[in-house]
Amino acid sequence: MLIGKNRLIRRRVIIGLLLAASLTLLTLSFRQGSQGVTGDIQRTALAITAPVSGVVHRVTQPVVDAYHWTAGLVDARQENERLKAQLDRAGANAVENEGLRAQVAKLQQELHYVHSKAAASYDEIGATVTAQSPNDYSRTVTLDVGTADGVAINDPVVAPYGDGAGLIGRVISATASSSIVMLIVDHNSAVYGSIMPGTAKGLLVPSDGDPNVLSMDFVGIDEAVDTSKELTVVTATYRTNKLQPLLPRGIPIGRVTNVSESDLSQQKTIQVTPFVDFQDLTDVLVLKPRTP
Amino acid sequence: MRMLDALRIVLLAFFAAILQVSAAPQLTPTNSTPDLVLIVVVALALFRGVESAALAGFAAGLLVDAVTGQRLGVSSLLYVVAAWAVASRVDGDDDTLMATGGPARMSSARRLLYAIAATIGVQVSYAVLQWLLGEGLPFRYTIDNVILPVTIMTTIAAALLLPLLRRALPRQTGLDVRRAAPA
């Protein structure tokens with residue numbers, strides 16, 4: 001008998017304890033959210049892993065850049081000749097330059113946004129995404145800035161697109177050096193928004209069919225939505241003073257891509273596509289509304 | 001020697017969790033990523049036994065959930081069950097294990113099959129658990145955008161990583177097990 005009975009008992013005890021611990025954590029997590037014991041565990045784990053995640057992110061960035069560069073090559077078939085010539089000169093420097101150029105472009109977009117009128121009422125905290133939820137059940141990103149940098153719970157977070165910046169989510173948890181952002185495409189996210197130009201307002205939640213697009217709910221059938229124009233959706237505030245909105249108004253969210261009506265429903269069905277590509281989140285800005 | 005082995009396992013699990021949430025999401029065309037932690041858990045279940053695999057799976061799962069702000073305990077639970085399921089299949093029942101003294105040798109293809117089966121099991125269980133918690137995604141979307149891509153990417157990653165992990169975790173013989181066991 002090479003393995004003793006004690007060892008078999010120990011195996012069963014270890015598995016049993018681990019299963020019990022997992023179920024206890026799950027129950028506590030469900031009941032307490034990000035407060036209490038589970039919140040403490042989460043913040044401790046974040047504090048421990050944040051520096052390592054940052055280092056790993058920096059170390060793997062060239063690989064990521066190389067991957068994006070290669071993926072770009074596959075996609076851009078019409079630029080084949082130019083890329084071939086570029087490939088001849090390519091090597092480690094080309095990959096690095098490509099990565100740096102993309103980063104500079106993003107930072108320029110951020111800078112452009114910072115200097116724009118839209119950002120005049122905010123202070124910005126630049127941040128890098130160091131971790132991302134590994135599946136669609138929960139859409140979160142982890143940033144390398146925390147309360148020590150001025151980040152607070154419910155701060156809006158934007159990412160650059162074109163000449164502006166679009167809302168990606170809000171801070172739901174923060175430690176001194178890192179913070180977790182719930183993306184607007186997370187199924188627990190709901191953002192109050194209004195359609196510009198126009199007066200229609202509604203609640204933006206991830207669409208049931210495709211969580212990568214948003215569905216604007218509670219827009220009455222009588223609300224005028226002029227689909228002949230380019231319609232932008234921005235964050236809005238409530239009409240009552242009793243409930244304070246989590247996000248300040250006027251932050252761009254996305255564009256209206258479909259409006260439909262049904263005779264059976266008293267509401268319009270409005271599909272909104274976010275401005276930001278959530279697959280390519282690297283540099284973001286945490287917005288701090290300026291106090292007068 | 002035993003301390004060194006434990007340290008190796010801790011580092012493997014830790015960096016698998018960190019890579020899964022920091023680098024992997026940027027390297028995949030979809031929102032889902034290969035389950036690197038599960039590959040390490042399966043490797044540990046194959047080469048080290050259920051205790052190491054379950055402990056590493058629990059800790060790494062907790063880390064992944066905590067860092068990404070998900071409900072704590074979901075990943076840990078699934079990784080512990082996966083470790084137990086793979087180790088049970090590999091070792092046989094307790095009587096077989098006591099008779100043979102350790103995990104049986106097997107081909108690379110069979111190891112990969114265990115990784116694929118574990119991935120499908122974990123992904124389906126994850127989807128069911130999320131649905132039971134009221135946080136599930138549409139059925140068709142879950143199949144097309146979560147379970148299938150994760151299974152394919154994890155299979156590819158497992159095919160590449162399992163041989164490396166086998167080298168990093170040399171198989172313990174029955175003699176090693178007896179020596180390591182307390183008198």
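The values are calculated or read from the model by the stated rules, or taken from the named source; none is laboratory data. Note that the structure is predicted; figures quoted are calculated from it, not measured. Virtual Cβ from ideal backbone geometry, glycine too; neighbours counted across all protein chains shown. To get the accessible areas, we keep the full protein, side chains included, count just its heavy atoms, and leave off ligands, DNA and RNA. Shrake-Rupley method; radii C 1.70, N 1.55, O 1.52, S 1.80 Å.
Accessible area per residue was computed with a 1.4 Å probe on protein heavy atoms; A:PHE278 scores about 10 Å².
Per-residue packing, averaged as other Cβ atoms within 10 Å, sorts the ranges B:67-79, A:173-185 into the order B:67-79, A:173-185, beginning with the highest.
Pull out a ≥ b ≥ c, the square roots of the eigenvalues of the alpha-carbon gyration tensor of region A:189-289, then state rounded if a/c is under 1.5, prolate if not and a/b is larger than b/c, and oblate in the remaining case. It is oblate, given that a/c is not under 1.5 and a/b is not larger than b/c.
Accessible surface of B:LEU164, taken over heavy atoms with a 1.4 Å probe and every protein chain present, rounds to 110 Å².
Can you bin region A:13-66 into rounded, prolate or oblate? Criterion: square roots of the alpha carbon gyration tensor eigenvalues sorted a ≥ b ≥ c, rounded for a/c under 1.5, prolate for a/b above b/c, oblate for the rest. It would help to have the intermediate numbers written out before the result.
On the way: a/c = 3.20, a/b = 2.00, b/c = 1.60.
Taking the square roots of the gyration eigenvalues as a ≥ b ≥ c, region A:13-66 is prolate.
Give me the base-10 log of I(q)/I(0) for region B:1-94 at each q in 0.12, 0.13, 0.23 Å⁻¹, Debye formula, one uniform scatterer per Cα, rounded to two decimals. Normalising to I(0) and taking log10 leaves -0.36, -0.42, -1.11.
For region A:118-176, report the accessible area per residue in Å² (1.4 Å probe, heavy atoms, rounded to an integer). All intermediate terms of the calculation are to be shown ahead of the outcome.
Details: 1560 Å² over 59 residues.
Per residue, region A:118-176 has 26 Å² of solvent-accessible surface.
What the phi angles of region B:148-161 give under the Karplus curve with 6.51, -1.76 and 1.60, with θ = phi - 60°, is a coupling list of 5, x, 5, 5, 5, 5, 5, 4, 4, 5, 5, 4, 7, 8 Hz, glycine and proline written as x. A:LYS5 contributes an accessible area of around 140 Å² to the protein surface, as traced by a 1.4 Å probe with all chains present.
Ranked by solvent-accessible area (1.4 Å probe, protein heavy atoms only, all chains present), the residues A:VAL129, B:VAL124 order from largest to smallest as B:VAL124, A:VAL129.
What average number of partner chain Cβ atoms lie no more than 10 Å from the Cβ of the residues making up B:142-150? Intermediate values should be presented prior to the final figure.
Values: counts 3, 0, 0, 5, 3, 1, 0, 2, 3.
Mean partner shielding for this stretch: 2.
What the phi angles of region A:125-130 give under the Karplus curve with 6.51, -1.76 and 1.60, with θ = phi - 60°, is a coupling list of 10, x, 8, 10, 6, 9 Hz, glycine and proline written as x. Multiplying the residue separation of A:VAL55 and A:ASP283 by 0.36 nm and subtracting their alpha-carbon distance yields 80.5 nm. Peptide A:55-62 has a mean shielding of 3, counted as Cβ atoms of other protein chains within 10 Å of each residue's Cβ.
Local charge for A:LYS288 was computed over the other residues whose Cβ lies under 9 Å away, with Lys and Arg +1 and Asp and Glu -1, and equals -2.
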